[in-house]
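Provided herewith is a single structure, encoded as structure tokens, for subsequent inquiry.
The values are calculated or read from the model by the stated rules, or taken from the named source; none is laboratory data. Small disclaimer: the values here were computed from a predicted structure and weren't measured. For neighbour counting, all protein chains shown are included, and Cβ atoms are generated from backbone atoms with ideal geometry for every residue, glycine included.
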Amino acid sequence: MSPPPDPDSLISAHLDGELDDAGHRALEAWLLADRAHQRRFLLAVMDHRAMARSLAARPALTMRTARLMRRRRGLRVASWSGAGLAAALIIGLTVLLWPTGAAPGPHLQVAGASAAPGPRLQMTDTHVPAQRLEAGAAVTVAPGSGAVLLYDDGSRVDLDAGSALSVTGTHLTLQHGRLAASVAHQAAGQPFIITTPNATVTVLGTMLDVATDGVESVVAVTRGRVAVERSGDAARLEVGAGERSVVTVGGPLVAHAADAPDGRLLRVGPGQPFATLAELPALAPGDVVELQPGTHHGAWRLAALGTALRPVTIRGAPGAPPLIAAEGLVLSGAGTVPRAALQLEGGHWRVQHLAIADAHNGENAAGIRLVEVRGAMLSDCRITRCDQGIDAVGERVAIEDCDVGGCGTAGAQGRCRALSVFADEALVRGCLLHDQLFGQSLRSTCARLELVANRIIAAADGEISIATGAQPTTAILSGNLIVSSAARPDNSMRFILVEGEGAGVLQLIGNTCVAADARIVFLIPGRLAVAADGNIFTGSGRIAEAGRVEGYRNWLPSGATVPAGFRDSRSAAAPGFRDEAQGDYSLAPDSPCRNTVRDMWSQDVDAPHAPGTVGGLLPKRMPAALNKAGSRARTARTDMGAFEDG
Amino acid sequence: MLDADQERFTSLWTQAHPSIAGYVAALVPERSAADDVLQETALTLLRTFAEYDPSRPFIAWAMGVARIAVLTRRRDHARARSRFSAPAAVALAEAWQELQPVADDRRHALAECLRGVAGRGRELLALRYEQDLPPQDIAPRLGMTAVAVRVALCRLRAGLHACIEKRLGGQA
């Protein structure tokens, strides 16, 4: 394994346009660590440009020519090991590969499947049989999916979505992502080895988690002990049960209690080291900012460079969530004034257990605003009485178990949202978005959106809007209860609205969609191809506007206009909710929607969609996010709609 | 835009251009992409020139517009390639402005230092900067591996930096 790159190498690679993502992250971390680093970098840029000007013997290339040349040059930095790459080139087996560019990527790509002895790879969200892997097999787990490696000695390694690794028996090389290993006792001299780009973990029999973002790595041990060796300086450390170690470039190599912060614990509130968030020092990766219970008046804008593995955390102390109240402030976003009660910029963040209220500027002040973040996880937050609830722009955003309600302002009629997300990937799970004033519950401008097990209730002007763009859009709605308001403006009959000319797929599995007005149209699909399975649509017979809409075994009201692509739909006088008047949309024992879908998550059962159709291209799987939410069991026969009642 | 404003904008932009171009190049190493960002910056400045407050430095305003153009490009192309984050772009913009006073002296010192580069080093710089070749295309011409070319380029740049600092007496 090569040593970690030094700053001069990173700068030089950057100047030559050869820096890969991991190198870029390392360069940025180095730059933000010290003003002198920024000057060193910029002087190198200055020299580089001066040499280009003084030495250039011919006119600069035209833009078109330069682009063509770059295309011919192709990839410059390989991310796979030699063995993995060779295996990928030689064998190249892909499981469940999407056959069209408009469809989402595969759950799992495997290069190097084999009938020979070796660990077996099983996807965790389908019935596809496990397959043996040969030495050097390269495995990529797609977003929203999961997989497990099963060894004959009982060892197992669970792979998170988005992980990439190569597998040679008991030697795993994790390029990026996270794995959880439970390793049976290994014979002396034959350890189980997990390598990341900057660390090697040697295991003799234990239970541990290993994660890497390609620059730094985290090792957390649940049982037993492991040896960790850092690449480059060969520094070694033993990590025991209940301990965790972060392996960084040049940082101290130490282990600490797994439940302690990777950085500093900074307490904020009256009588604490910091009275307000404004008094905090510059935040570093792994820092945890803990607000004490009570009301914190004001609004704050924080910029920090947390990493994927060591995000900066802003959380409420145990007990009642502290309230950030921005009442009386005009959060204009001008200059240093934030446009939110809590505005977080850049890097990776985690926000937990906070209440936020009264963020206003008459148009678009948010409770929480994320600006150009690399990654953010918001959980257990309650936001109310703001112009906007959560306004997120970034690469990867996850929002879980949050309650956002009563937001909106007349100054932005139709443009207020409880949740607005502009990201590469967004996951919204287990949230309550409700009573949105003057706008919709959720607007997404994401290449990939997963809405799982949410309650989306009573927005003034439509429930969900999905904006498409140049990149194909994948939107997956699964296990959600979506209920429209009875008090909507007459001119708004949209429920799920797709805007824009972009292509892609909208998949609805097991949602309960309730319209309070018979004129409402549930699906306005735009150019997205829609596959809807096992959903309940009630309150309106207008299921979908024109478009490529397919469905299998959905419940529709009697007399509904059934889309031509719907098969085996079910209808009755009512879907049989327990107590609709009281907002209980679970299914009564005699509901006709009970046990009507034979394992809607299965790849092959019931063959609901013919090959070549939209549904035929989609995975029949339980999204990993829904599976983890535990909101419904995986049973042989499932109920229609968002609730599984046995 | 009135002719007088047009003339004033042209004058201000001409003065600011080298500095803005350098800043954009620092954040966007691909030349054609940097050209696109620079062009977008100029168009935005021209379109919004009526909003410019002449009591404030034009270059600071232009740098802010360039930073937003870079970040917008990063967002629009985020799935294709990583770029600097907003905090990094802000920090580099501030540092870049601080360095502008030394730019001319540094350029002269670099020219002196380049005279001291001969042999294989000179060949390498010629292929990289005169021919605009990437390391993997330089490698076969010099009978080296691409990795060796990258290492040699890195050392050459570090050596030139040290030479310039010595000539300038560490003033940068």
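Checking the conditions here, which among A:ASP213, A:ASP209 is under 17 Å from A:VAL249 (Cβ atoms), surrounded by fewer than 24 Cβ atoms within 10 Å (Cβ to Cβ), in contact with a Lys or Arg (Cβ under 9 Å, 6 or more places away or on another chain) and not small (Gly, Ala, Ser)?
A:ASP213
Further, regarding this structure: Can you tell me which of A:ALA234, A:ALA180, A:ALA188, A:ALA241 is closer than 23 Å to A:ARG132 by Cβ, of a type outside the set (Ser, Thr, Tyr) and surrounded by fewer than 21 Cβ atoms within 10 Å (Cβ to Cβ)?
After applying the criteria, what remains is A:ALA180.
Mind checking which pairs have a first residue in the stretch A:280-309 that is within 14 Å of chain B (Cβ to nearest Cβ) and a second that is of a type in the set (S, T, N, Q) and assigned to a loop (DSSP other than H, G, I, E, B), Cβ under 8 Å, 6 or more apart or different chains?
A:PRO285/A:THR307; A:ARG301/A:THR336; A:LEU305/B:SER85
Tally the residues that are on the phi > 0 side of the Ramachandran plot, surrounded by fewer than 19 Cβ atoms within 10 Å (Cβ to Cβ) and under 18 Å from the mean Cα position of the chain (by Cα), restricting the search to the stretch A:156-177.
The number of residues fulfilling the criteria is 1.
Just one of A:THR307, A:THR276 is among the polar types (S, T, N, Q), surrounded by 15 or more Cβ atoms within 10 Å (Cβ to Cβ) and within 27 Å of the chain's Cα centre (by Cα); which is it? So that I can check it myself, show each step before the final result.
Details: A:THR276 fails: within 27 Å of the chain's Cα centre (by Cα).
Just one listed residue meets the conditions, A:THR307.
Check every one of the helices (runs of 4 or more DSSP H) wholly within the stretch B:50-160 and list those with 3 or more residues that are more than 10 Å from chain A (Cβ to nearest Cβ) and closer than 21 Å to B:GLU30 by Cβ. Talk me through it step by step, then tell me what you get.
Values: elements: B:58-76, B:86-99, B:103-115, B:119-125, B:135-142.
Of the helices (runs of 4 or more DSSP H) lying wholly inside the stretch B:50-160, those with at least 3 residues that are more than 10 Å from chain A (Cβ to nearest Cβ) and closer than 21 Å to B:GLU30 by Cβ span B:58-76.
Select, from A:ASP358, A:ASP262, the only residue that is farther than 18 Å from A:ARG382 by Cβ, more than 14 Å from every other protein chain (Cβ to nearest Cβ) and crowded, with 18+ Cβ neighbours inside 10 Å.
Testing whether each residue is farther than 18 Å from A:ARG382 by Cβ, more than 14 Å from every other protein chain (Cβ to nearest Cβ) and crowded, with 18+ Cβ neighbours inside 10 Å leaves just A:ASP262.
Among A:GLY242, A:GLY306, which is of a type outside the set (Phe, Trp, Tyr), within 30 Å of B:GLY64 (Cβ to Cβ) and modelled with pLDDT under 95?
It is A:GLY306.
Taking the stated definitions as given, is B:LEU92 within 16 Å of the chain's Cα centre (by Cα), at pLDDT 80 or above and over 30 Å from A:GLY347 (Cα atoms)?
Working: within 16 Å of the chain's Cα centre (by Cα): yes; at pLDDT 80 or above: yes; over 30 Å from A:GLY347 (Cα atoms): no.
Considered against the rule, which asks whether it is within 16 Å of the chain's Cα centre (by Cα), at pLDDT 80 or above and over 30 Å from A:GLY347 (Cα atoms), B:LEU92 comes out as no.
Scan the strands (runs of 3 or more DSSP E) fully inside the stretch A:327-430 and keep the ones with 3 or more residues being out of contact with any Ser or Thr (no Cβ under 6 Å at 6 or more places or on another chain).
A:340-345, A:348-357, A:366-384, A:388-400, A:416-429
Further question on the same structure: In the stretch A:1-53, which residues are among the β-branched types (Val, Ile, Thr) and within 7 Å of another protein chain (Cβ to nearest Cβ)? Please lay out each step first, then the result.
Step one: filter the stretch A:1-53 for residues among the β-branched types (Val, Ile, Thr), giving A:11, A:45.
A:VAL45, the sole residue that qualifies.
Considering each residue of the stretch A:466-496, count those that are small (Gly, Ala, Ser), surrounded by fewer than 23 Cβ atoms within 10 Å (Cβ to Cβ) and assigned to a strand (DSSP E or B), and give that number.
1
What is the one condition in (1) farther than 30 Å from A:GLU216 by Cβ; (2) free of Cβ contacts under 8 Å to residues at least 40 places away in the same chain that A:GLY394 does not satisfy?
(1)
Of all residues in the stretch B:161-172 being in contact with a helix residue (DSSP H, G or I) (Cβ under 7 Å, 6 or more places away or on another chain) and closer than 18 Å to A:ILE11 by Cβ, which is farthest from the other protein chains (Cβ to nearest Cβ)? Step through it out loud before you land on a result.
We begin by selecting, within the stretch B:161-172, every residue in contact with a helix residue (DSSP H, G or I) (Cβ under 7 Å, 6 or more places away or on another chain); these are B:161, B:163-164, B:167-168, B:171-172.
Still in the running and closer than 18 Å to A:ILE11 by Cβ: B:161, B:163-164, B:172.
On the way: B:HIS161: 7, B:CYS163: 10, B:ILE164: 7, B:ALA172: 6 Å.
Among those that are in contact with a helix residue (DSSP H, G or I) (Cβ under 7 Å, 6 or more places away or on another chain) and closer than 18 Å to A:ILE11 by Cβ, it is B:CYS163.
Output the number of residues of the stretch B:139-172 satisfying the condition of being surrounded by fewer than 18 Cβ atoms within 10 Å (Cβ to Cβ), among the small types (Gly, Ala, Ser) and under 23 Å from the mean Cα position of the chain (by Cα).
4
When the stretch A:567-590 is examined, which residues are found to be part of a loop (DSSP other than H, G, I, E, B) and farther than 15 Å from A:THR512 by Cα?
Residues satisfying the conditions are A:ASP568, A:ALA573, A:PRO589, A:ASP590.
Then there is this: Does A:LEU497 qualify as being closer than 26 Å to A:LEU437 by Cβ and of a type outside the set (Gly, Ala, Ser)? Before you say what the answer is, go through the steps one by one.
Numbers: closer than 26 Å to A:LEU437 by Cβ: yes; of a type outside the set (Gly, Ala, Ser): yes.
Spelling it out, A:LEU497 is indeed closer than 26 Å to A:LEU437 by Cβ and of a type outside the set (Gly, Ala, Ser).
So the check is Cβ under 8 Å with 6+ separation or different chains; which pairs have a first residue in the stretch B:22-34 that's more than 7 Å from chain A (Cβ to nearest Cβ) and within 15 Å of A:GLU28 (Cα to Cα) and a second one that's in a loop (DSSP other than H, G, I, E, B) and hydrophobic (A, V, I, L, M, F, W, C)?
From the stretch B:22-34, the pairs are B:LEU27/B:PHE84.
If you don't mind, there's one more thing I want to ask. What do you reckon, is A:ILE509 among the β-branched types (Val, Ile, Thr), in contact (Cβ under 8 Å) with a residue 40 or more places away in the chain and in contact with a strand residue (DSSP E or B) (Cβ under 6 Å, 6 or more places away or on another chain)? Give the steps one after another, and end with the answer.
On the way: among the β-branched types (Val, Ile, Thr): yes; in contact (Cβ under 8 Å) with a residue 40 or more places away in the chain: yes; in contact with a strand residue (DSSP E or B) (Cβ under 6 Å, 6 or more places away or on another chain): yes.
Spelling it out, A:ILE509 is indeed among the β-branched types (Val, Ile, Thr), in contact (Cβ under 8 Å) with a residue 40 or more places away in the chain and in contact with a strand residue (DSSP E or B) (Cβ under 6 Å, 6 or more places away or on another chain).
Within the stretch B:43-57, is there a residue that is over 13 Å from the mean Cα position of the chain (by Cα), buried (at least 19 other Cβ atoms within 10 Å of the Cβ) and farther than 30 Å from B:GLU130 by Cα?
From the stretch B:43-57, those over 13 Å from the mean Cα position of the chain (by Cα) are B:43-57; that's our starting set.
Going one step further and asking which of them are buried (at least 19 other Cβ atoms within 10 Å of the Cβ), we end up with B:45.
Remaining after also requiring farther than 30 Å from B:GLU130 by Cα: B:45.
Yes: one or more hits.
Quick one: in the stretch A:385-408, which of the residues that are away from chain B (no Cβ under 14 Å) and among the acidic types (Asp, Glu) is surrounded by the most Cβ atoms within 10 Å (Cβ to Cβ)?
So the residue we want is A:ASP387.
Here's something else I'd like to know. In the stretch A:451-473, how many residues are charged (D, E, K, R) and at pLDDT below 90?
Qualifying residue count, the stretch A:451-473: 1.
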